[in-house]
1. Listed residues HIS68, HIS111; which is of a type outside the set (Lys, Arg) and open to solvent by 30 Å² or more (accessible area, probe 1.4 Å)?
2. Which one is farthest from the chain's Cα centre (by Cα) among residues in segment 147-156 that are open to solvent by 50 Å² or more (accessible area, probe 1.4 Å) and either of a type outside the set (A, V, I, L, M, F, W, C) or under 17 Å from SER110 (Cα atoms) (or both)?
3. Can you tell me how many residues within segment 79-132 are within 21 Å of ILE165 (Cβ to Cβ) and among the β-branched types (Val, Ile, Thr)?
4. In segment 120-156, which residues are assigned to a strand (DSSP E or B) and more than 19 Å from SER70 (Cβ to Cβ)?
5. Might you let me know whether segment 116-124 holds any residue that is open to solvent by 20 Å² or more (accessible area, probe 1.4 Å) and either under 16 Å from GLY28 (Cα atoms) or in contact with an Asp or Glu (Cβ under 7 Å, 6 or more places away or on another chain) (or both)?
6. Any residue at all in segment 117-138 that is under 21 Å from ILE50 (Cα atoms) and not hydroxyl-bearing (Ser, Thr, Tyr)?
7. Check whether at least one residue in segment 125-141 is closer than 24 Å to SER41 by Cβ, touching a residue at least 40 places away in the same chain (Cβ under 8 Å) and surrounded by 14 or more Cβ atoms within 10 Å (Cβ to Cβ), and report yes or no.
Amino acid sequence: MQLRKYLKEGRNLTDSRTKVCVEVGKTGEALFKEITGALKSDLEDDKKHIDFYWGEKLVDVKGLKKMHLSGYILLEFVNVWGGNGWCSKKSKAEFIAFQFPEAFYVFRKSHLRIRAIELCEPFYKDKVERRNYIPYEEALHKWVGRWNAQDVFTYLKFEDVEDLIFEVLPYAVTDKETERGEK
């Protein structure tokens with residue numbers, strides 16, 4: 001599986017952390033498919049950051065993560081191997097669907113990119129702050145990456161992009177699922 005390889009080799013995650021990340025992705029994608037009836041992409045399009053064909057829309061789905069529970073989103077511009085991140089101009093996804101506890105919030109990728117560029121300091125490759133486990137608030141509106149990887153990403157607060165929401169896809173969850181960060 002592509003995601004498992006990325007997490008194990010690209011991110012050097014433990015087996016237990018890899019399992020959690022894979023489950024978050026699978027669960028989020030399954031729920032998105034259930035709500036929208038979207039068609040799952042093939043492996044070649046998945047590599048281009050297209051998870052689903054939702055009518056005419058090419059969508060990358062981001063499952064429910066701890067950062068979402070804290071009101072943050074991450075935008076990846078360069079992946080761990082130095083390739084196109086899912087929010088890069090060259091990513092083929094046109095829309096990004098972030099799972100939050102109560103709904104998926106769907107954004108045009110291009111609008112998220114522009115907002116990040118507006119809010120972040122000017123980008124210089126040699127000025128990317130590289131360290132692991134950067135708290136969200138310390139990486140807010142900054143270009144950061146992990147010390148042992150080539151990635152470049154930033155964190156934005158949900159309120160930074162709330163006005164850019166293309167569509168809201170609400171769903172019902174139990175309190176127990178919300179406490180565990182599951183969907």
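1. Details: HIS68 fails: open to solvent by 30 Å² or more (accessible area, probe 1.4 Å).
None of the other options fit; the residue is HIS111.
2. So in segment 147-156, the residues open to solvent by 50 Å² or more (accessible area, probe 1.4 Å) come out as 147-148, 150.
From what is left, the residues that are either of a type outside the set (A, V, I, L, M, F, W, C) or under 17 Å from SER110 (Cα atoms) (or both) are 148, 150.
Numbers: ASN148: 20, GLN150: 17 Å.
This residue is ASN148.
3. 4
4. Let us first name the residues in segment 120-156 that are assigned to a strand (DSSP E or B), namely 129-130, 140, 144-145, 152-156.
Across segment 120-156, the qualifying residues are GLU129, ARG130, GLY145, VAL152.
5. Taking segment 116-124 first, the residues open to solvent by 20 Å² or more (accessible area, probe 1.4 Å) are 117-119, 121-124.
Narrowing further to those that are either under 16 Å from GLY28 (Cα atoms) or in contact with an Asp or Glu (Cβ under 7 Å, 6 or more places away or on another chain) (or both): 119.
Yes, segment 116-124 has at least one match.
6. Here is the first cut: in segment 117-138, the ones under 21 Å from ILE50 (Cα atoms) are none.
No; the residues of segment 117-138 include none that is under 21 Å from ILE50 (Cα atoms) and not hydroxyl-bearing (Ser, Thr, Tyr).
7. Here is the first cut: in segment 125-141, the residues closer than 24 Å to SER41 by Cβ are none.
Scanning segment 125-141, I find no residue that is closer than 24 Å to SER41 by Cβ, touching a residue at least 40 places away in the same chain (Cβ under 8 Å) and surrounded by 14 or more Cβ atoms within 10 Å (Cβ to Cβ), so the answer is no.
Yes or no, residue by residue, for (1) at pLDDT 95 or above; (2) within 22 Å of LEU112 (Cα to Cα):
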{"site": "THR14", "(1), (2)": "no, no"}
{"site": "ARG17", "(1), (2)": "no, no"}
{"site": "GLY25", "(1), (2)": "no, yes"}
{"site": "GLY28", "(1), (2)": "no, yes"}
{"site": "LYS33", "(1), (2)": "yes, no"}
{"site": "ASP46", "(1), (2)": "no, yes"}
{"site": "ASP51", "(1), (2)": "yes, yes"}
{"site": "LYS57", "(1), (2)": "yes, yes"}
{"site": "LYS62", "(1), (2)": "yes, yes"}
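The values are calculated or read from the model by the stated rules, or taken from the named source; none is laboratory data. Please read these numbers as outputs of a predicted model, since none were measured by experiment. As a convention, Cβ positions derive from the backbone with ideal geometry for all residues, glycine included, and neighbour counts pool all protein chains shown. All accessible areas refer to the heavy atoms of the entire protein, side chains included, with ligands and DNA or RNA removed. Shrake-Rupley method; radii C 1.70, N 1.55, O 1.52, S 1.80 Å.
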